[in-house]
Amino acid sequence: DELPEGLTVGGSLSLIGTEITELPEGISVGKDLWLSFSQIDELPEGFTVNGDLSLVDTPIAILPKGLTVKGDLDLEGTFVNELPEGLIVDGDLELYNTPITTLPEGLTIGGGLSLYGTSITELPVNLSVRENLDIRRTAIKTIPASVKVGGKVLHDKGVTFEGSKNKPDVDFDI
């Protein structure tokens, strides 16, 4: 099954559990796009979602350059192992249960960032997270001074904080 080129959806679009493997050129979705449990393995370059983008448990491994998500981006259970150049996420970014190992320098997340249980070992320079940062069950041991977190840092014991910007509102998972 294929969707027509230039498809325009004013509201949200659910393709949960479908056999769709790619989105057509020129697709436009006015709100949320739910692709979880589908066979999607590719998104168009420079793609914009005006709400949430859910790719939970899809075979997608590579996100396109210039991807913009104006809501939350949920990549739980995908094969994504790196984030693309120019990624914009205005809401939360969920990376639980992905093979991701690094984050790009200067990454800015408009909501929270969950790295829970990932293989990431260090945070990038100039990471900015407007809400909570969850690094529990990771090998991250240091929060660099250049990292800005607007909410709480959820972490395991033994994490150190460079500088003082990140010390308030710290939670420990014991």
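The values are calculated or read from the model by the stated rules, or taken from the named source; none is laboratory data. This one's a predicted model, so the numbers in the text were calculated from it and none came from an experiment. Reconstructed Cβ throughout: ideal geometry from the backbone, glycine too, with neighbour counts over all protein chains shown. We work out accessible area using only protein heavy atoms, side chains counted, and drop any ligands, DNA or RNA first. Shrake-Rupley method; radii C 1.70, N 1.55, O 1.52, S 1.80 Å.
Here's the yes/no breakdown for (1) modelled with pLDDT of 95 or more; (2) open to solvent by less than 70 Å² (accessible area, probe 1.4 Å); (3) within 17 Å of the chain's Cα centre (by Cα):
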site	(1), (2), (3)
Gly111	yes, yes, yes
Leu115	yes, yes, yes
Ile120	yes, yes, yes
Val129	yes, yes, yes
Ile135	yes, yes, yes
Ile140	yes, yes, no
Lys157	no, no, no
Lys165	no, no, no
Asp169	no, no, no
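Screening the range 22-39 for residues that are charged (D, E, K, R) and in a loop (DSSP other than H, G, I, E, B) and picking the one that is farthest from Asp90 (Cα to Cα) gives Glu25. Residues in the range 40-72 that are surrounded by fewer than 19 Cβ atoms within 10 Å (Cβ to Cβ), of a type in the set (Gly, Ala, Ser) and either assigned to a strand (DSSP E or B) or touching a strand residue (DSSP E or B) at 6+ places or on another chain (Cβ under 6 Å) (or both): none. Within the range 1-21, being open to solvent by less than 90 Å² (accessible area, probe 1.4 Å) and outside any loop (DSSP other than H, G, I, E, B) holds for Val9, Leu13, Ser14.
With respect to the conditions (1) touching a residue at least 24 places away in the same chain (Cβ under 8 Å); (2) of a type in the set (Ser, Thr, Tyr); (3) within 21 Å of Val129 (Cβ to Cβ), Thr108 falls short on a single one, namely (1).
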